[in-house]
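A short worksheet on the structure shown next.
The values are calculated or read from the model by the stated rules, or taken from the named source; none is laboratory data. From a predicted model like this one, the values you see are computed outputs, not experimental measurements. Cβ placement follows ideal geometry from the backbone for every residue including glycine, while neighbour counts extend to all protein chains displayed. Keep in mind that these areas ignore ligands, DNA and RNA; they rest on the heavy atoms of the full protein, side chains included. Shrake-Rupley method; radii C 1.70, N 1.55, O 1.52, S 1.80 Å.
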Amino acid sequence: MARRAVAVARHGKLPRRSPWTSVGKFVAASLAVVLVSTSAVVAWAINDVVQTAPEGVTLAGETPGQVIPDINSIEGGANVLVIGSDSREGQGDGYGSHETAKLNDVTMLLHIAEDHSNATVVSFPRDMYVPIPSCPKVDENGKPTGEDHYAMSSQKINTSLSYGGMACTVLTVEALTGLDIQYAAMVQFNGVIALSNAIGGVEVCLAESIKDSKTDLDLPAGNVSLKGKDALQFLRTRHGVSDGSDLGRISNQQLFLSALVRDLKSAETLTDPVKLYSIAKVAATNMTFSTSLNNINTMVGLAKSLSEIPTDKITFVQYPNFYQGDGVAPLTSDAETLMDAIKADKNLSVTGGTGGSIPEDGETTEPPATTDPNATETPDSTEAPDDGTVELPDSIHGQNASQVTCADGNGY
């Protein structure tokens, strides 16, 4: 199967630093940290994380062995696919006895605009039926076998990981959206726990208490700081929030991520090399990266690019869909409106409510669309004349990171 070339985002170079050669330099660098001069620490951190990180996964558009240059903030735009695997393999006890296949039950695409003026995160429902292109087969260790899976016209998107690993999920989302994806990362249960601990927890708002025996989650109403296993189970729960569906869970995840963005920005984490390093070190030991992202400089460059974007210009949206059979199907016309706006690097305005979570002022929102798109008409998107912001059709749910919303708990 022929592999197309995918352009990797250009990067500005940092000056190269020589390795430390004495304990004296280590002490001097440590003192420099106290004086807020962190360059030597970053130089050591780069080498340390690179040595820690496991071998990356080569995507279809990547060149094995290609070296990503040193960077500061990335130049130009970027597309990053983040995958949450539901596999219990290697995760120990505490997540139920049910063994699952390797499924991408969370699939999110981060798009950073070319001029870093805005960013969009698109969540794809796990039960959405989509075409899956021909993908390279992988063995139990995720390594290509040299054979390809045949293309399928309609399968749930969360099966793509089991067919051809992370590279197949990337190909599937590329085919669905028409975007080239340069970077990808995958995390399992224990990785989410480790990462939430590394950032010190995330404070979220609960309009009602949440009790979910399936994820062993019991949280009171009000503002709650989530870290460790509580953070993981909050992201996993669907029976404890909204309408109990996977679509309601997506809204819960977007609420959490919006709060995370606000926390990281308020603590200036995204502009602090030492804080970024400590989080990157945890990520390197708890996540699987594409070859292009298996580089501390690239991780930090993407983080710095996000740090330049105001929270009200970071928008979380759910890929438009409607219920069909035992899952959902793409709402094609509205999906085209969304993707055209993203490809044009437009800032987005969500008009259809969150789809689950409740704004802090208590105003309720409409539930996700459940009807066949042929039964009703959706309004055309309009472009605001002042700043070029695109108002999305009301079938598309989500929020921007500046909005404080509260989880619609079950109140048990």
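Results, tabulated for the structure shown:
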read-out	value
Among (1) touching a helix residue (DSSP H, G or I) at 6+ places or on another chain (Cβ under 6 Å); (2) modelled with pLDDT of 85 or more; (3) surrounded by 21 or more Cβ atoms within 10 Å (Cβ to Cβ) - the single one S290 does not satisfy	(1)
Matching entry among G355, G409, G388, G362 (being modelled with pLDDT under 95 and more than 30 Å from H239 (Cβ to Cβ))	G388
Residue satisfying all of: in segment 239-258; among the polar types (S, T, N, Q) and modelled with pLDDT of 90 or more; farthest from T107 (Cα to Cα) among these	S258
Pairs, first farther than 21 Å from T288 by Cα in segment 138-153, second open to solvent by 70 Å² or more (accessible area, probe 1.4 Å), C-beta under 9 Å, six or more apart	D148/M1; A151/P131; M152/P131; S153/P131
Test set (1) modelled with pLDDT under 95; (2) of a type in the set (S, T, Y); (3) open to solvent by 50 Å² or more (accessible area, probe 1.4 Å) - S333 fails condition number	(1)
Residue match in segment 100-113 (condition: open to solvent by 40 Å² or more (accessible area, probe 1.4 Å) and either modelled with pLDDT of 95 or more or part of a helix (DSSP H, G or I) (or both))	no
Residue, modelled with the lowest pLDDT, within segment 181-196, restricted to residues that are surrounded by 21 or more Cβ atoms within 10 Å (Cβ to Cβ) and among the small types (G, A, S)	G191
Some residue of segment 310-326 being assigned to a helix (DSSP H, G or I), touching a Ser or Thr at 6+ places or on another chain (Cβ under 6 Å) and surrounded by 20 or more Cβ atoms within 10 Å (Cβ to Cβ)	no
Pairs where the first residue, in segment 166-180, is in contact (Cβ under 8 Å) with a residue 40 or more places away in the chain and the second is open to solvent by 20 Å² or more (accessible area, probe 1.4 Å) and among the β-branched types (V, I, T), C-beta under 8 Å, 6+ apart	M166/V57; M166/T288; A167/V57; A167/T58; A167/V138; D180/V6
So G142, is it more than 22 Å from S123 (Cβ to Cβ) and open to solvent by less than 60 Å² (accessible area, probe 1.4 Å)	yes
Criterion (part of a strand (DSSP E or B), open to solvent by 30 Å² or more (accessible area, probe 1.4 Å) and over 30 Å from L59 (Cβ atoms)) met by exactly one of D263, D243, D218	D218
Pairs with Cβ under 7 Å, 6+ apart, first in segment 193-215 and over 12 Å from F234 (Cβ atoms), second among the hydroxyl-bearing types (S, T, Y) and part of a helix (DSSP H, G or I)	A198/S278
Scope segment 117-139; condition open to solvent by 10 Å² or more (accessible area, probe 1.4 Å) and part of a strand (DSSP E or B); matching residues	V121, Y129, P131, P136, K137, V138
